[in-house]
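Heads up, the thing below is written out as structure tokens.
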Amino acid sequence: MGSMPERIQVRSADSADLREQELLRRVQAGEKQYFYELVKPYERRIYTAAFAILRNEADAEDAAQEAMFKALTHIQQFRAEARFSTWLTQIAVNEALMRRRRAHSEIMEPIGERQDEEGNYTPRDFADWREIPSEVLERKEIRQKLTDAVGALAQKYREVFVLRDVQHLSIEETAEALGISRASVKTRLLRARLMLRDLLAPGLNGSWFGKVPFMKGSKPW
Amino acid sequence: MVVNCEHVWKEISNYLDDDVDAATRAAMEAHFKECKHCTAVLSGTRNVVELYGDDRLFELPAGFSRRLQRRLAQPITSRFGSSRTFWMLAVAAVALMVGSFSLANSSVFRRPDVRSKLAQPAHKIPPALMVAVSSEGRVFHVPGCKYLHKREGESPELMTASNAIKEGYVPCARCLRQYLSAEVECPRSRLGDEFALRSQEPVAPPPGF
């Protein structure tokens, strides 16, 4: 990469897309020094997608880096039909899935693994914790609890949940990235959301916050 | 349209994604007004979606960006580790090939020269030349060659030289010597001399064959 590339300036204030397009054009034209600037906004996303599948920081980082390197290598193959972020995510998902297959790393027996995907899921906790301010995410222990909870999901639910609700991919994009049907994405997503709610309800209902004033949740019975 | 709790739980994810039809949405909203359990499930599920949708939740490991930039700075050939390693591997491969070739051609492995003149290559013999073979021998001859050994009473079999070669016969170094690369001293055969003077056109067998 050599020296730091000059920053590409575009006129409009809300021009993130235009800027991305310009960076893409230049990278595809051979100015590879702009590639990091192109993928920087998606670093966290790519890492998270890999982490959702591999559940190990070091493996996820390796997979994310390899995915971005592959994206650089095959940048000419990117077509504008898809969003660049989606394309990147798909490469990361494929890389992580390939590594998981290689490592046969399905060793945990997380929640929901033995449940029938098509069967109905009955919520277990009906506590109302409707007022959770996003500021809770400033607290490291809360972030850790949430990360642990998603890690406790079975692989097939975790993958769908992370791509859809963390990466904000559409149902179609998630289905395509994982090679499953739209119906399966929807079913797994429902399961994942309800299971996470059940996993988090006891903590978010009060025990993680102590006397935090915003917690008004209570059992309705 | 009226929905029960089970129906609501089944559709609650689609409801949050605004992926239900208008009638179902209306029925679910009517249900939420009367059912605290389902309202709690709805708000909890919505919180899950909102919390996990926040970019702050998953942090990158310290130094991730720096390591990524370093990785991206590697040349494309880095599948082999580095360009230097790649070139070293390439040079080693070429050296190995050249070495193997030289070794294969060295005297150690070269096939020794054939010692018998009978085994001289028969490639100069006209393929259509009619030759004679016997059931006992492995040599093909010009018909009438006195060196054609055959059982008593046996008639030589006639075939083209190309077929004889295909079947593993080798040319007679006497009667066919004009076509071979090495000359041998041999007694002249009557027909051998005669055929030796002829052109390389197919030869008809003499009468009696």
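The values are calculated or read from the model by the stated rules, or taken from the named source; none is laboratory data. Small disclaimer: the values here were computed from a predicted structure and weren't measured. So basically every Cβ, Gly included, is an ideal-geometry build from the backbone, and we count neighbours across all protein chains shown.
Only one of the numbered conditions (1) more than 31 Å from the chain's Cα centre (by Cα); (2) closer than 30 Å to A:LEU38 by Cβ; (3) at pLDDT below 80 is not met by B:LYS124, and that is (2).
Selection of the stretch B:24-57 for residues being of a type in the set (Asp, Glu) and part of a helix (DSSP H, G or I) yields B:GLU29, B:GLU34, B:GLU50. Only a single item in (1) buried (at least 18 other Cβ atoms within 10 Å of the Cβ); (2) over 12 Å from A:LEU163 (Cα atoms); (3) more than 12 Å from every other protein chain (Cβ to nearest Cβ) is not met by A:ALA82, and it is number (1). Checked against (1) in a helix (DSSP H, G or I); (2) at pLDDT below 90; (3) farther than 30 Å from A:ARG124 by Cα, A:ASP14 passes all but a single condition, namely (1). Tallying residues that are more than 10 Å from every other protein chain (Cβ to nearest Cβ) and touching a Cys at 6+ places or on another chain (Cβ under 7 Å) within the stretch B:9-53 yields 2.
A single member of A:VAL93, A:VAL27, A:VAL39 is in contact (Cβ under 8 Å) with a residue 24 or more places away in the chain and farther than 21 Å from B:GLN69 by Cβ, and it is A:VAL93.
Listed by position, the helices (runs of 4 or more DSSP H) inside the stretch A:111-221 whose residues that are modelled with pLDDT of 90 or more, crowded, with 16+ Cβ neighbours inside 10 Å and not assigned by TED's automatic domain parsing to the domain that holds A:TRP87 number at least 2 are A:155-161, A:171-178, A:182-202.
Does A:PHE51 count as at pLDDT 85 or above, out of contact with any Lys or Arg (no Cβ under 7 Å at 6 or more places or on another chain) and within 12 Å of chain B (Cβ to nearest Cβ)?
So A:PHE51 fits the description; yes.
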